[in-house]
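Take a look at the structure set out below.
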Amino acid sequence: MEKGGGCPSVGGSYPQKNAEILSSQYGINLFLAGLLLTFAWAVHAVGISKSHLLSYLITLMLIQLLWMLWYLCRSCTQRRLIRDKDTHAGARWLKCGITLFAVITLILDSFKIGYYIDFSNCLSPTEGIFPVTHAVHTILQVYFLWCHAKDIIQSFKTLERFGVIHSVFTNLLLWTNGVLTESKHQLNEHKERLITLGFGNITIVLDDHAPQCNCTTTTLCSIFSQGIYYLYPFNIEYHILASTMLYVLWKNIGRKVEHHQQHKTPFKFHGITVGMIFGLVVLTSTIAIVVVYLIQIGRSKIKSELALTMFYLHAIFVLALMCTAGIVALLIYRLEDRSLDNSKNPARKLDAELLVGTAAGSWLLSWGSILAIICAQAHPKYTWYNLPYSVLVIIEKYIQNLFIIESIHREQEKVNDDIKTLRIVTISRGSTLSLTPSYKEIYNGRDAPDSGEVPCLFKGSICRRENGGGGGAKGETSQDKSSVMHSASDFSFYSRNSVTNNKRRILKNIAAFLFLCNLSLWIPPAFGCRPEYDNGLEEIVFGFEPWIIVVNLAMPFSIFYRMHSAASLFEVNCKT
C-alpha cells in the first residue's frame, strides 16, 4: 500500500517540474523582450518610440489584471475550503510597507495624468493610458498580495505558474522602466554639474525627452515634471517588493508544507531605546546632509567640493559605526550555542540571495572608485575621502550580510514556562517567609494572592506554609538546608537567564540601529545624492560613457540593497 501510494506522487512531480521550467522560460523571454525594447528607446533606436514601450507594458499589465481577477473570483467560490498557508511569506510589516509605497505610486500616477493633460497636444495617447492602467494595476495587485501572498496553490497549478511568473516579470519590467526614467533624469543633472567641478573636457550632450510643445499651465507643468522624479524612488521600491512577494508565491505552488506551530513575533519598542536613539540621530543628520548636498552641488567648484567632502566624512562615520555594531552582534552569536533552522523556506532563501546579489552592485562601484584613486594621475583633495568610504562600504555590507543571514536562520528561542512564573523566596531562620513577586506578574498586574499558601518555585522545589505541621527543630533545620540548596540552584538559573536577556537586548538594539542606518543610507542615492556621479575622478580614468553605464547598472541594486536590508533587519528585531 505504501509503495503503491507513493508512485503517483513521484510520477506526478515530473509534469509539475516541467511546468515550472516552462513558466520560468516564458517569464525570462517576456522580460528580455521588454528589456530590449526599453534599451532601444533609451538609445533612440530608429523606429522605436516611447509609445511602443508603453504599449507593451500596458498589454502586460492588462493580462496580469485578467489573471488576478480570475484568481480572486475562483478564491471567492472556494473560500470555505481549508488551504495551506506559508506562514513565513507575506509578513504583515511587509504588506504595510508595500502599501505605503503603493500609495505614493498612486500619487505619481496622478502627477503623470496631470502632466499628460497639460501636454496633451504633443504627447502620444499611450502616455495618458499608461498611468491610468498602472493605477488600477497597483490597487488590485496590493489587494491581491494582502489576501493571497501566503497561499500555497494546489489546484490549476500549471495555469497558475504561468500567471504568477507573468506577474513577477511584469513588475520587474515596470521596475526597469522606472529605474531607466529616473536614471536619465539624474544623468542630465550630473552632466550639468561636471562643468562646475572643472571637467570641461567631457562632452555634455543632454538626453532630452521633453515634449516639443508648450504647456497649457506653466506652474502646474513645473510642479508635475519636478514632483514625478522625487516620487520615482518609492515607485521603484514598490515594484521590486511586489516582484519578490510574487516570486515566493510562485515557488510555493504545489509545495508540501509541514504543519507546525508558528510563533508570532510582534515588533516592540520596549528594550531598544538606545538603538532607536542612535539610529534616529543618524537618520536626522543624513537628511540634513542630503539637503545641503543637493543645494550646494553644482553651484560652484568650491561649493561642490565642500559638499562632496561633507558627504564622505558623514558616510565614513556612519559606516564605521555600522561595522562596529555588526562585529559586536557576530561576537555575541559566537558566544551562544543555538542550532540553525535548515528547513525549506523559499522566502528566507530569497532574502539571503537578494542580500548577497544586490550587494554586488555597490561592491562594483566601490572597487571602481578604489581603482580610479590608485590609477589617477591628479587627485583633488576631496577624492582622497572616497578611498576609506569605498573600503568601508565593502566591509560593512560583508559584515551586515553575515549578521542578517545568520539571524534569519537561527531557531527562535523558546520561553520556558518556569521563567515566566519565577519568584524569589527569601527564607529566614524562623518561620516567617518574605515573598517578592516576579517582574512579569507585577507588570501584568497579577500579584500574589492573599492566601496562607506560598506559591512554589519551579514546580514545587520549595513549598512551605507559614503554619506548617510539627516536626521538631531538627526537621525544620533539615528543611531549611534543603530549601537553601534549592534556592541557590534557582538563583544560578535566574542569573544565566539574566545574561541571556542582556544579550538579546543588545542584539535587538543593534538590529534597530542598523535598521535606521540602512534607511538613512537609502535616502541619498534614492533622491539624487550620488557622489559616484559627481566625483568626476572615475570618468577621467574609465571614460565618461563606460563609467556612466557601470553606475546606471549598479546603482539600482545598491539602492534596493539598503531597503531590503532594512526590511530584513526589521524581521530580525522582531525575531530576536
Q.
Between Cys96 and Val132, what is the label-point separation in nm under the 7 Å Cα-to-beta-carbon projection?
A. 3.6 nm
Q) Per residue, what accessible area does the stretch 73-172 have, given a 1.4 Å probe and all protein chains present, in Å²? A) 46 Å²
Q.
Suppose each label sits 7 Å from its Cα in the direction of the beta carbon; what would the Leu283-Cys147 distance come out to in nanometres?
A. 3.3 nm
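Cross-link list Lys349/Lys503; Lys95/Lys349; Lys95/Lys508: which exceed 24 angstrom alpha carbon to alpha carbon?
Values: Lys349/Lys503 26 Å; Lys95/Lys349 19 Å; Lys95/Lys508 22 Å.
The answer is Lys349/Lys503.
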Q: Find how much the distance from His44 to Val103 grows on full extension, using 0.36 nm per residue of separation minus their present alpha carbon separation; answer in nm with one decimal.
A: 18.0 nm
Q) Taking +1 at the Cβ of each Lys and Arg and -1 at the Cβ of each Asp and Glu, which of Phe130, Leu72, Ala102 sits farthest along the dipole of the stretch 67-178 towards its positive end, judged by Cα position relative to the Cα centre? A) Leu72
Q: Over 18 Å between C-alpha atoms is what I'm after, so list which of Lys85/Lys575; Lys150/Lys256; Lys157/Lys251 land there.
A: Lys85/Lys575
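For Glu237, Glu532, give the ranking by accessible area with the largest first, probe 1.4 Å. Show your work: numbers first, answer last.
On the way: Glu237 5, Glu532 30 Å².
Final ranking, largest accessible area leading: Glu532, Glu237.
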(Q) Using a 7 Å offset from the Cα along the Cα-to-Cβ direction at both Cys73 and Val291, what is the distance between the two label points in nm, to one decimal? (A) 5.2 nm
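With a 10 Å radius around each residue's Cβ, average the other Cβ atoms per peptide and rank 31-41, 162-172, highest first. Each step should come with its number before you reach the end.
Numbers: 31-41: 16.5, 162-172: 24.3.
The peptides rank, most packed first, as 162-172, 31-41.
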Q: Report the chymotrypsin sites (Phe, Trp or Tyr not before Pro) located in the stretch 269-368 that are in a DSSP loop and have at most 11 other Cβ atoms inside 10 Å of their Cβ, or state none.
A: Phe269
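The values are calculated or read from the model by the stated rules, or taken from the named source; none is laboratory data. Note that the structure is a prediction, hence the values are computed from the model and not measured. Note that we place each Cβ from the backbone using ideal geometry, even for glycine, and neighbour counts take in every protein chain shown. Remember, those area values only see protein heavy atoms, side chains included, never the ligands or the DNA or RNA. Shrake-Rupley method; radii C 1.70, N 1.55, O 1.52, S 1.80 Å.
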